[in-house]
Amino acid sequence: MKYVFQFGIVWDHLPQLLHGAWLTIRLSTGAFALGFVIAMLLAFLRTAGPRPLRAGIAAYVEFIRNTPFLVQLFIIYFSLPAIGLRMEAVTAALVGMSLNFSGYATEIIRSGIEAVPRSQIEAGYSLGFTRLQIFRHVIVFPALRTVYPALASQFVLLMLGSSVVAAISAEELTAITNTLQSTTFRAFEFYFVATGLYLLMTIGMRLLLHAIYWAIFERSRPAERAWSR
Amino acid sequence: MSRDFEWPEFLFLLGALRWTIVLSLIAFVGGGVGGLVLAIARTSSHAILRWLAATYIGVMQGTPVLMQLFLAYYGLAVLTGIRIDPWPAVTLAFTMYAAAFLGEIWRGAILAIPRQQWEAAAAIPLAPAAQLRYVILPQAFRIAIPPTVGFLVQLIKGTSIASIIGFVELTRAGQLIVNVTFQPMVVYPLIAVLYFALCWPISLAALRLERRIDAALGIKQHP
């Protein structure tokens, strides 16, 4: 065995890798934002909507959670054009990631909603709140605080899972790495560095998510503050 | 002249589903052994062991499984000097991946056992290894069953990624069939249905086991 590792060439292409990493971050945060909005809506309807709709949402969630993301991506990118729905690779990646995330997030948020004590909801009704008002003013904040760690882990999984969109050639970090290694024949070195970049992004995102939790839920606890005033 | 999607094509997909199952089971069993070692190391009293296991788990859970797959594939090629077939790389990568996740799940289960159980076992007196073997692990095992079964679903879905380096399991077989039939509208949804048929019963079983064990442990259920 005579293989000499050469990381210099990876260093030369670092700007391209970072460019890919930046798309990974944009795709992940974009899919998080879109998926979160969808999931909030679905979680509300899943717990308070009409019965057939609840069943439909449950089926959607089970489908997303029991099929591979890669296959969902193939359906969006390769199958949908057959019925006239054609998308760019990056758009398809964003749509696929958003829908995938929404499936997991719906279930996570639902568990948070169900953990809100019933007495608080009844207090809302006795104040004459509508369902939507109760959701908005009584349920959302504590429910999201309860499930924040689970949502944060799911976000990291979303970002790591985004490497799979290279399979439909959306030019994020993994796809860029694939291209670079095939032209330089330094596969191991490139994948090693790209893996390191993913690890850095994971650590960075975890720190950021901690900071966001602190800013939203710890710094200002309206209820406790009102109580101890 | 393209082929239609008919029985032979469907049977080809079913045949490939077998490799999805085989790969998942190998990784699950191999990862189970590795995960047990990791969980014990992660909860041991030796700081270095704890740190090593934590680092391994942190790296594996902090990087994409696709990258781990590429590294295993090209890493083995570098070691052996030849471009190898995907089998060893795929089984190695998914086993290491499963070990990290199972190790973390089981660490949680071991930590969930009250400290008094260790103390009682020490008072009998059992040696530390025997405390773990006869008192802690049997109880931790019970708590760990539902998330372990749940992880199996994650693993089965994850093996679809092996298609990207050319390992012919269900997803790759679907791509091959699409290439000859030009019917992605039929094939990919069907692939999804096949995965669903495999994974959903396991998910339901995990949920059921969780409810039963929670009930046995007296944990209150939400409706």
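Could you work out [θ]222 nm for the protein assembly as shown from helices alone, using -39500 (n - 2.57) per DSSP H run of at least four and dividing by all its residues? Round to the nearest 500 deg cm²/dmol.
Values: 19 runs with 338 residues, N = 452.
Calculated mean residue ellipticity at 222 nm is -25500 deg cm²/dmol.
For the protein assembly as shown, take the convex hull of the Cα atoms, compute a quarter of its surface area, and give me that in nm², please.
Details: hull surface 109.6 nm².
Here the figure is 27.4 nm², rounded to one decimal.
Could you compute the net charge surrounding B:A16? Neighbours are other residues with a C-beta less than 13 Å from the C-beta of B:A16; K and R count +1, D and E count -1. List each step's numbers first, then the result.
On the way: positive: B:R18, B:R172; negative: B:E9, B:E169.
Result for the neighbourhood of B:A16: 0.
About its Cα centre, how strong a charge dipole does the protein assembly as shown have in debye, to the nearest 20, once Lys and Arg get +1 and Asp and Glu get -1 at the Cβ? Let's see the in-between values first.
Values: 33 positive and 20 negative charges, 260 e Å.
Result for the protein assembly as shown is approximately 1260 debye, rounded to the nearest 20.
Along the charge dipole of chain B, Cβ charges K/R +1 and D/E -1, which of B:G35, B:G174, B:Y195 sits furthest on the positive end?
B:G35
In region A:2-86, what trypsin sites (Lys or Arg not before Pro) fall in a loop by DSSP, with at most 11 other Cβ atoms inside 10 Å?
Working: sites: A:K2, A:R26, A:R46, A:R54, A:R65, A:R86; in loops: A:K2, A:R86.
Here the sparse-neighbourhood loop sites are A:K2, A:R86.
Round to the nearest 10 and give me the degree value, 0 to 90, for the angle of helix B:65-80's Cα axis relative to the longest principal axis of chain B.
Between helix and principal axis, roughly 80 degrees.
Between B:L11 and B:V33, what FRET efficiency follows from the Cβ-Cβ distance if R0 is 41 Å, with the result rounded to 0.05?
Working: r = 34 Å, r/R0 = 0.83.
Efficiency for this residue pair is about 0.75.
If we count chymotrypsin sites (Phe, Trp or Tyr not before Pro) as exposed when they sit in a DSSP loop and have at most 15 other beta carbons within 10 Å, what is the longest stretch of chain A that avoids them all?
Details: sites that count: A:Y3, A:F5, A:F7, A:F185.
Between exposed loop sites, the widest span is A:8-184.
Per residue, how much space in cubic angstrom lies within the convex hull of the C-alpha atoms of region B:1-104? Working shown, then result.
Values: hull volume 13.4 nm³, N = 104.
Spelled out: Cα convex hull of region B:1-104, divided by residues, is 129 Å³.
Just to confirm a number: summing +1 for Lys and Arg and -1 for Asp and Glu over residues other than A:E172 whose beta-carbon lies under 14 angstrom from that of A:E172, what do you get? Before the final figure, lay out each step's value.
Working: positive: A:R26; negative: A:E88, A:E171.
That works out to -1.
Shielding by partners for B:56-66, please: the mean number of other protein chain Cβ atoms within 10 Å of each residue's Cβ. List each step's numbers first, then the result.
On the way: counts 0, 0, 3, 4, 1, 6, 11, 10, 16, 4, 15.
Across the residues of B:56-66, the mean count of other-chain Cβ atoms within 10 Å is 6.
Whole percent per 5 Å bin, from 0 to the bin with the longest distance: what is P(r) over all C-alpha pairs of region A:1-128?
Percent of pairs per bin, in order: 2, 9, 13, 15, 15, 12, 9, 7, 6, 5, 3, 2, 1, 1, 0, 0.
Highest GNM mean-square fluctuation, chain B, Cα pairs closer than 10 Å: which of B:T95, B:T43, B:T20?
Comparing B:T95, B:T43, B:T20 in a Gaussian network model of chain B, the most mobile one is B:T43.
Within 10 Å of each Cβ in peptide A:191-197, how many partner chain Cβ atoms are there on average? Round it to a whole number, please.
Mean shielding by partner chains, rounded to a whole number: 5.
If every alpha-carbon in chain B counts as one equal scatterer, what log10 I(q)/I(0) does Debye give at q = 0.13, 0.16 1/Å?
Scattering profile of chain B, log10 relative to I(0): -0.86, -1.12.
How fast does chain A diffuse by Stokes-Einstein, in µm²/s, taking the Kirkwood radius from C-alpha pairs at 4 °C and 1.567 mPa s? Provide the component values of the computation, followed by the final result.
Details: Rh = 20.0 Å.
Roughly 65 µm²/s, to the nearest whole number.
What does the structure give for B:160-170 when I average, per residue, the other chain Cβ atoms found within 10 Å of the residue Cβ?
Details: counts 10, 7, 1, 5, 7, 0, 0, 0, 0, 0, 2.
So the per-residue partner count for this stretch is 3.
Counting Lys +1, Arg +1, Asp -1, Glu -1, what net charge surrounds B:F182 among other residues with beta carbon under 11 Å of its beta carbon?
Details: positive: B:R3; negative: B:D4.
Charge balance near B:F182 sits at 0.
With a cap of 11 neighbouring Cβ atoms within 10 Å, and only residues DSSP puts in a loop, list the trypsin sites (Lys or Arg not before Pro) found in region B:1-84.
Values: sites: B:R3, B:R18, B:R42, B:R50, B:R83; in loops: B:R3, B:R83.
Answer by residue number: B:R83.
Counting Lys and Arg as +1 and Asp and Glu as -1, each charge on the Cβ, what is the dipole of region B:7-216 about the Cα centre in debye, to the nearest 20? Mind dumping the intermediate values first?
Values: 13 positive and 7 negative charges, 74 e Å.
Once rounded to the nearest 20, the dipole reads 360 debye.
Going by how many other Cβ atoms sit within 10 Å of their own, how do A:T202, A:T91 line up, fewest first?
A:T91, A:T202
So, with +1 on the Cβ of K and R and -1 on the Cβ of D and E, and no other charges, what is the size of the charge dipole of region B:80-161 about its Cα centre, to the nearest 20 debye? If you can, show how the numbers build up before the last one.
Values: 6 positive and 3 negative charges, 11 e Å.
Once rounded to the nearest 20, the dipole reads 60 debye.
Report the Cα centroid-to-centroid distance between region A:166-180 and region B:144-197 in angstrom, as an integer.
Here the answer is 21 Å between Cα centres.
Just so you know, all these numbers are worked out from the coordinates, no wet-lab data involved. Everything quoted here is computed from the prediction, not taken from an experiment. In this analysis, Cβ positions are derived from the backbone assuming ideal geometry, glycine residues included, and neighbour counts consider all displayed protein chains.
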